[in-house]
Amino acid sequence: LQRGRAGPRAAGAARRRKRAPEPGKNKATVKGRVVKSAIEEYHKKKPVNHLRENLQYMLKGRLVADKAVTEQVLAQNRGRKSKDQPPEKTEKKKPEGTVFTEEDFRKFEREYFGIP
(Lines give C-alpha, C1' and ligand atoms only; values in the text may rest on other atoms or scores of the structure.)
Protein backbone atom coordinates (compact mmCIF):
# COMPACT_ATOMS: atom_id res chain seq x y z
CA LEU A 1 0.00 0.00 0.00
CA GLN A 2 2.76 2.42 0.83
CA ARG A 3 4.52 1.89 -2.47
CA GLY A 4 1.32 2.56 -4.46
CA ARG A 5 0.53 5.72 -2.50
CA ALA A 6 4.05 7.19 -2.60
CA GLY A 7 4.69 6.34 -6.27
CA PRO A 8 2.38 8.75 -8.13
CA ARG A 9 2.81 11.56 -5.62
CA ALA A 10 6.58 11.39 -5.74
CA ALA A 11 6.57 11.48 -9.54
CA GLY A 12 4.24 14.51 -9.56
CA ALA A 13 6.36 16.35 -7.04
CA ALA A 14 9.50 15.69 -9.05
CA ARG A 15 7.83 17.10 -12.14
CA ARG A 16 6.73 20.22 -10.29
CA ARG A 17 10.14 20.97 -8.81
CA LYS A 18 12.01 23.69 -10.63
CA ARG A 19 15.55 23.16 -11.73
CA ALA A 20 18.19 25.03 -9.79
CA PRO A 21 19.31 28.19 -11.63
CA GLU A 22 22.65 27.71 -13.31
CA PRO A 23 25.43 30.11 -12.43
CA GLY A 24 25.85 32.68 -15.18
CA LYS A 25 24.68 36.15 -16.11
CA ASN A 26 22.03 37.66 -13.95
CA LYS A 27 19.55 39.21 -16.37
CA ALA A 28 18.10 41.52 -13.75
CA THR A 29 21.25 43.68 -13.49
CA VAL A 30 21.90 46.74 -15.60
CA LYS A 31 25.65 46.22 -15.70
CA GLY A 32 27.02 46.05 -19.24
CA ARG A 33 23.87 47.36 -20.91
CA VAL A 34 23.92 50.30 -23.31
CA VAL A 35 21.18 52.83 -22.68
CA LYS A 36 19.36 53.58 -25.93
CA SER A 37 18.27 57.08 -26.66
CA ALA A 38 14.53 57.47 -27.27
CA ILE A 39 15.23 59.96 -30.05
CA GLU A 40 17.51 57.50 -31.85
CA GLU A 41 14.87 54.78 -31.59
CA TYR A 42 12.25 57.17 -32.96
CA HIS A 43 14.43 58.09 -35.93
CA LYS A 44 15.15 54.41 -36.65
CA LYS A 45 11.46 53.49 -36.72
CA LYS A 46 10.25 56.64 -38.50
CA PRO A 47 8.80 55.82 -41.95
CA VAL A 48 10.92 56.99 -44.86
CA ASN A 49 9.34 58.49 -47.97
CA HIS A 50 10.91 56.86 -51.03
CA LEU A 51 8.74 58.71 -53.56
CA ARG A 52 11.53 60.85 -55.01
CA GLU A 53 13.92 57.93 -55.57
CA ASN A 54 11.14 55.78 -57.00
CA LEU A 55 10.08 58.50 -59.42
CA GLN A 56 13.66 59.00 -60.60
CA TYR A 57 14.02 55.25 -61.08
CA MET A 58 10.78 55.02 -63.04
CA LEU A 59 11.53 58.01 -65.24
CA LYS A 60 15.10 56.87 -65.90
CA GLY A 61 14.11 53.79 -67.90
CA ARG A 62 12.33 54.69 -71.11
CA LEU A 63 12.60 51.23 -72.68
CA VAL A 64 9.23 49.97 -73.89
CA ALA A 65 8.79 46.24 -74.36
CA ASP A 66 7.33 44.68 -77.49
CA LYS A 67 3.56 44.44 -77.64
CA ALA A 68 3.75 40.64 -78.00
CA VAL A 69 5.86 40.37 -74.82
CA THR A 70 3.52 42.58 -72.82
CA GLU A 71 0.50 40.58 -74.01
CA GLN A 72 2.23 37.35 -72.99
CA VAL A 73 3.03 38.70 -69.51
CA LEU A 74 -0.53 39.93 -69.07
CA ALA A 75 -1.89 36.57 -70.17
CA GLN A 76 0.31 34.77 -67.64
CA ASN A 77 -0.82 37.01 -64.79
CA ARG A 78 -4.48 36.66 -65.63
CA GLY A 79 -6.60 34.41 -63.45
CA ARG A 80 -8.63 31.45 -64.68
CA LYS A 81 -11.98 32.82 -63.59
CA SER A 82 -14.23 34.38 -66.18
CA LYS A 83 -14.23 37.69 -64.33
CA ASP A 84 -10.44 37.88 -64.76
CA GLN A 85 -10.62 37.37 -68.52
CA PRO A 86 -10.78 40.48 -70.69
CA PRO A 87 -13.80 40.76 -72.97
CA GLU A 88 -13.14 39.25 -76.36
CA LYS A 89 -12.71 41.82 -79.07
CA THR A 90 -15.21 41.33 -81.86
CA GLU A 91 -14.31 42.70 -85.23
CA LYS A 92 -16.69 45.41 -86.30
CA LYS A 93 -18.46 44.59 -89.50
CA LYS A 94 -18.28 47.32 -92.05
CA PRO A 95 -21.65 48.24 -93.49
CA GLU A 96 -21.91 46.51 -96.81
CA GLY A 97 -22.12 48.98 -99.65
CA THR A 98 -24.28 48.34 -102.67
CA VAL A 99 -22.87 47.51 -106.05
CA PHE A 100 -25.55 49.51 -107.81
CA THR A 101 -25.28 53.21 -108.33
CA GLU A 102 -28.11 55.75 -108.29
CA GLU A 103 -28.26 55.70 -112.08
CA ASP A 104 -28.71 51.91 -112.07
CA PHE A 105 -31.71 52.31 -109.75
CA ARG A 106 -33.29 54.91 -112.05
CA LYS A 107 -32.77 52.66 -115.05
CA PHE A 108 -34.35 49.74 -113.17
CA GLU A 109 -37.29 51.99 -112.14
CA ARG A 110 -37.90 52.97 -115.73
CA GLU A 111 -37.75 49.39 -116.96
CA TYR A 112 -39.84 47.85 -114.18
CA PHE A 113 -42.46 50.49 -113.47
CA GLY A 114 -42.48 52.05 -116.89
CA ILE A 115 -41.84 55.53 -115.56
CA PRO A 116 -40.11 57.78 -118.12
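The values are calculated or read from the model by the stated rules, or taken from the named source; none is laboratory data. All values reported here derive from a predicted model rather than from experimental measurement. Positions of Cβ are generated from backbone atoms using ideal geometry, with glycine treated the same way; all protein chains shown enter the neighbour counts. Side chains are part of the model used for accessible areas, which takes the heavy atoms of the whole protein and leaves out ligands, DNA and RNA. Shrake-Rupley method; radii C 1.70, N 1.55, O 1.52, S 1.80 Å.
Quick notes
- The figure for residue 42 is an accessible area of roughly 140 square angstrom, using a 1.4 Å probe on the protein chains alone.
- Sparse-neighbour loop sites [trypsin sites (Lys or Arg not before Pro); region 71-116; at most 16 other C-beta within 10 Å; DSSP]: 78, 80, 81, 89, 92, 93
- Note on residue 107: lysines with a C-alpha under 29 Å away, same-chain residues under 8 apart excluded, are 94.
- Of all aspartates and glutamates in the structure, those lying under 19 Å Cα to Cα from residue 83, and not within fewer than 8 positions of it along the same chain, are 71.
- For region 22-116, the set of GluC sites (Glu not before Pro) satisfying both a DSSP loop assignment and a count of at most 13 other C-beta atoms within 10 Å is given as 88, 91, 96.
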